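A.B. asks: Right, I'll just put the structure down here and ask away after.
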Amino acid sequence: MSDTLLRRSEVAIPTELRPGQLLARNPQRLQRSAYPHFRSLPIRWSDVENGIVSRVGMAQFYEDTRTLVMREILGHENFGFDKWKGLLRAITFEHLSPARHDLPIEMAGAIGEVGRSSYAFALAAFQGERCISLCRAIGVTVDNEMHAAPTPPELRLLFLSHVWPHADALPVGHGDADLPKQAYAYPFIEEYPTRFSDTDAIGHVNNVAVTRYHDNGLMAFQAALTGRVTVHGDAGYWHVARHEISMLGESFYPAPMRACIGVMGEIGPTHFTLAQALFQEGRCTGLAIAEISVLDASGKPRALSAALRDRLERNRLAG
């Protein structure tokens with residue numbers, strides 16, 4: 001972001017991180033009762049895959065929650081592109097455990113940080129008192145040309161008055177600054193037609209659809225390397241422990257979207273990291289980093305097979 005994000009308290013960044021941990025978090029992040037905004041949301045069958053809420057389903061819940069927090073803080077009269085323009089710049093998911101389809105899901109959120117033109121959300125999902133997922137989203141105020149612009153003073157003051165003291169420290173993962181923005185650098189490429197149902201009220205490919213394109217590419221990559229995409233079976237289940245997504249530019253219907261993937265960094269005994277990119281009409285519109293842990297049918301980490309390790313090595317980023 002172009003400006004410095006401010007918050008009321010700093011959270012120490014741990015010196016050691018387990019695979020898949022991205023957010024240096026305050027323990028209050030895992031406590032449902034600590035959040036100022038929360039709401040129970042119904043789970044629809046279309047949100048579910050293999051008996052659990054899918055990654056795209058969770059992205060939808062977080063999008064609804066982020067909008068809820070903004071409406072409650074800013075008021076209905078200040079919400080909407082006719083009054084104030086804001087876009088999502090980045091979103092990070094950390095999936096701690098599966099969300100069961102047969103239990104209520106409660107979403108919680110708060111404003112975490114506020115800058116001159118940017119603002120962050122600390123979001124979480126709970127089933128019972130158990131935190132199943134965390135999310136950090138960064139929005140930015142834009143002008144009519146969609147360039148970053150100062151947030152109107154009265155709205156920025158509203159954000160500042162609701163800053164939550166338990167928000168995340170800055171992400172401590174790889175970051176996407178060094179990921180290539182040329183499609184040829186990624187060895188695996190899938191192209192998808194965009195759908196009108198992917199668009200939002202102003203005609204962009206919406207935030208959830210961006211996550212869906214990354215997820216489609218990831219699942220196509222898994223199918224290509226293992227021959228299947230399933231929770232059960234000899235190939236193992238690819239659990240996306242964290243997904244860090246950056247929106248670099250606007251995407252529109254009906255131009256097709258190219259989802260690109262390459263392996264980056266060390267390949268561990270049970271986990272690995274994927275770099276992802278989206279391209280539309282030659283433009284790189286988004287980047288992502290996915291931390292993958294391979295699990296067995298009981299949800300325990302399982303060692304990568306020699307065959308899978310070899311295929312991953314052959315699909316590394318160019319250069």
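Only the coordinates and a few stated rules stand behind these numbers; no lab work does. All values derive from a computational prediction rather than experimental measurement. Cβ coordinates were reconstructed from backbone atoms using ideal geometry, including for glycine residues, and neighbour counts include every protein chain displayed.
A.B. asks: Between R228 and I267, what's the calculated FRET efficiency when r is the beta-carbon distance and R0 is 25 Å? Round to 0.05. Write down the numbers at each step before the final one.
C.D. replies: On the way: r = 20 Å, r/R0 = 0.81.
Here the calculated transfer efficiency is 0.80.
A.B. asks: Rank-order 180-188, 160-168, 240-248, 41-49 by packing density, defined as the average count of other C-beta atoms within 10 Å over each peptide's residues, highest first. Each step should come with its number before you reach the end.
C.D. replies: Numbers: 180-188: 15.6, 160-168: 18.7, 240-248: 21.6, 41-49: 13.1.
Result, highest mean first: 240-248, 160-168, 180-188, 41-49.
A.B. asks: Determine the relative contact order of region 174-319: mean sequence separation of Cα pairs under 8 Å and six or more apart, normalised by residue count, in whole percent. Mind showing how you got there, number by number?
C.D. replies: Working: 288 pairs, mean separation 44.8, N = 146.
Relative contact order here is 31 percent.
A.B. asks: Could you tally the net charge around M146, taking each other residue with its Cβ under 11 Å from the Cβ of M146, Lys/Arg +1 and Asp/Glu -1?
C.D. replies: Numbers: positive: K85; negative: D143, E145, E250.
Summing Lys and Arg as +1 and Asp and Glu as -1 gives -2.
A.B. asks: Considering the chain as a Gaussian network with a 10 Å cut-off on Cα pairs, which listed residue, E191, E77, E250, attains the greatest mean-square fluctuation?
C.D. replies: E77
A.B. asks: Okay, helix-only estimate at 222 nm for the chain: each DSSP H run of n ≥ 4 adds -39500 (n - 2.57), divide by all residues, round to 500 deg cm²/dmol; what do you get?
C.D. replies: Values: 4 runs with 57 residues, N = 319.
Result for the chain, helices only: -6000 deg cm²/dmol.
A.B. asks: A follow-up question, please. Relative contact order for the chain: what percent, with Cα pairs under 8 Å and sequence separation of 6 or more? Spell out each step's value before the answer.
C.D. replies: Working: 670 pairs, mean separation 60.6, N = 319.
Relative contact order, the chain: 19 percent.
A.B. asks: Expressed as a whole percent, how much of the Cα-Cα distance distribution for region 19-172 exceeds 26 Å? List each step's numbers first, then the result.
C.D. replies: Working: 3064 of 11781 pairs.
Across region 19-172, Cα pairs with separations above 26 Å total 26 percent.
A.B. asks: HN-Hα J couplings of region 287-297 from phi, Karplus 6.51/-1.76/1.60, θ = phi - 60°, integer Hz, Gly and Pro as x?
C.D. replies: Whole-Hz 3J(HN,Hα) from phi for region 287-297: 10, 7, 10, 10, 8, 10, 10, 8, 10, 8, 5.
A.B. asks: A further question on this structure: Find the centroid of the Cα atoms in region 74-143 and in region 208-285, then give the distance between the two in whole Å.
C.D. replies: If we compute the Cα centre of each part, the gap is 22 Å.
A.B. asks: So, one more: Looking at the chain, send over the antiparallel percent of its DSSP beta bridges, to the nearest 5. Mind dumping the intermediate values first?
C.D. replies: On the way: 77 of 79 bridges.
In the chain, DSSP labels about 95 percent of beta bridges as antiparallel.
A.B. asks: While we're looking at this one, here's another question. Per q in 0.07, 0.09, 0.11, 0.15 Å⁻¹, report the Debye log10 I(q)/I(0) for the chain, using one uniform scatterer on each alpha carbon and no solvent.
C.D. replies: Reported log10 I(q)/I(0), two decimals: -0.27, -0.45, -0.69, -1.33.
A.B. asks: Which net charge results for the neighbourhood of C131, defined as the other residues with beta-carbon distances under 9 angstrom from its beta-carbon, given Lys and Arg at +1 and Asp and Glu at -1? Show your work: numbers first, answer last.
C.D. replies: Working: positive: R29, R32, R130; negative: E129.
Its environment carries a net charge of +2.
A.B. asks: Taking H placed 1.01 Å from N in the peptide plane, check which residues at least 5 places from R316 or on another chain put their amide H under 5 Å from its amide H.
C.D. replies: V263
A.B. asks: Also, I was wondering about something else. Report, to the nearest 10°, how far helix 207-226 tilts away from the longest principal axis of the Cα atoms in the chain, using its own Cα long axis and a range of 0 to 90°.
C.D. replies: 10 degrees
A.B. asks: Run the simple label-point estimate for E191 and Q28 please: 7 Å along Cα→C-beta, distance reported in nm.
C.D. replies: Between E191 and Q28, the label points sit 5.1 nm apart.
A.B. asks: Taking amide H positions as placed 1.01 Å from N in the peptide plane, with prolines and chain starts having none, which residues 5 or more places from V48, or on another chain, fall under 5 Å of its amide H?
C.D. replies: S54
A.B. asks: Hey, got a sec? Which GluC sites (Glu not before Pro) in region 126-162 land in a DSSP loop and have at most 16 other Cβ atoms within 10 Å?
C.D. replies: Values: sites: E129, E145, E154; in loops: E129, E145.
Here the GluC sites (Glu not before Pro) that fit, given the DSSP loop and packing criteria, are E129, E145.
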